[in-house]
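Okay, structure first, notes after.
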Amino acid sequence: MDDSKSLLNEAYDLCQEGEYILALEYYDLALYKNPKNLLALIDKGVTLQNLGKYRQAIKCYDKALSLDPKNKTALLNKGSALHSLGKYHDAIDCYDAALKIDSKYAMAIAYKGLALGELGLLKQAIKCFNYALRIDKKYDLALSNKAIALQLLKANDKLKLKLQKP
């Protein structure tokens, strides 16, 4: 096994143990040896996200995307980080870019549904969850959030009816 693979494996193992700060040191070492290591950039971004360092994570994803603009994983993760910052429209743009690369990317579809839900666009969110479930019938994120969106939609409809009564 080459040195960069062993560094990435060690970093991954550390992340599994919740040792994110130490894992970052391994990612940095791998990137020092090869600044164009796409996997190290993306995984470092994920690790930074796990630490709540979303802006730094986005920088990692942007570096990865400068190397491979059609990397759907980097696009999805960048969207997720933007979502965490409350930048739902920007997140949707990332999910849409990933979906241009792979129109059957169930995770990007479901994440787009989450962002739409945050914007109060519940019917559109439900459409996304339904589409993700057509691709992967057991996708729990889509299943659970579809149920939540349906409940919110029902509650909104009841509220509208109450407000319309004289």
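Bear in mind that the values in this text are calculations on the coordinates, not laboratory data. Just so you know, these numbers come straight off a predicted model, no measurement behind them. A quick note on method: Cβ atoms are made from the backbone with ideal geometry, for glycine too, and the neighbour counts reach across all protein chains shown.
Once a ≥ b ≥ c are taken as the square roots of the eigenvalues of the Cα gyration tensor of segment 66-113, is the result rounded (a/c under 1.5), prolate (a/b larger than b/c) or oblate (a/b not larger than b/c)? Oblate shape, in that a/c is at least 1.5 and b/c is the bigger or equal ratio.
Take the chain, compute every pairwise Cα distance, and split them into 5 Å bins from 0; I just need the percent in each bin. Once binned at 5 Å, the Cα pair distances of the chain give 2, 10, 15, 16, 16, 14, 11, 7, 4, 2, 2, 1, 1, 0, 0.
What is the sum of charges, Lys and Arg at +1 and Asp and Glu at -1, for the other residues whose Cβ falls under 13 Å from the Cβ of ASP93?
Local net charge: +2.
Here LYS100 is the anchor, and the lysines within straight C-alpha reach of less than 17 Å, apart from those fewer than 8 places off in the same chain, are LYS70, LYS72, LYS78, LYS112. Taking 0.36 nm per residue of separation and subtracting the Cα-Cα distance, full extension of the segment from LYS123 to HIS89 would add 10.6 nm.
Looking at the P(r) of segment 1-99, how many percent of alpha-carbon pairs lie beyond 23 Å? Display every interim value, and only then the final one.
Details: 1088 of 4851 pairs.
Roughly 22 percent, rounded to a whole number.
For a modelled paramagnetic label at ASP62, 7 Å from Cα along Cα-to-Cβ, the residues of segment 40-55 in reach, with backbone nitrogen under 12 Å, are 55.
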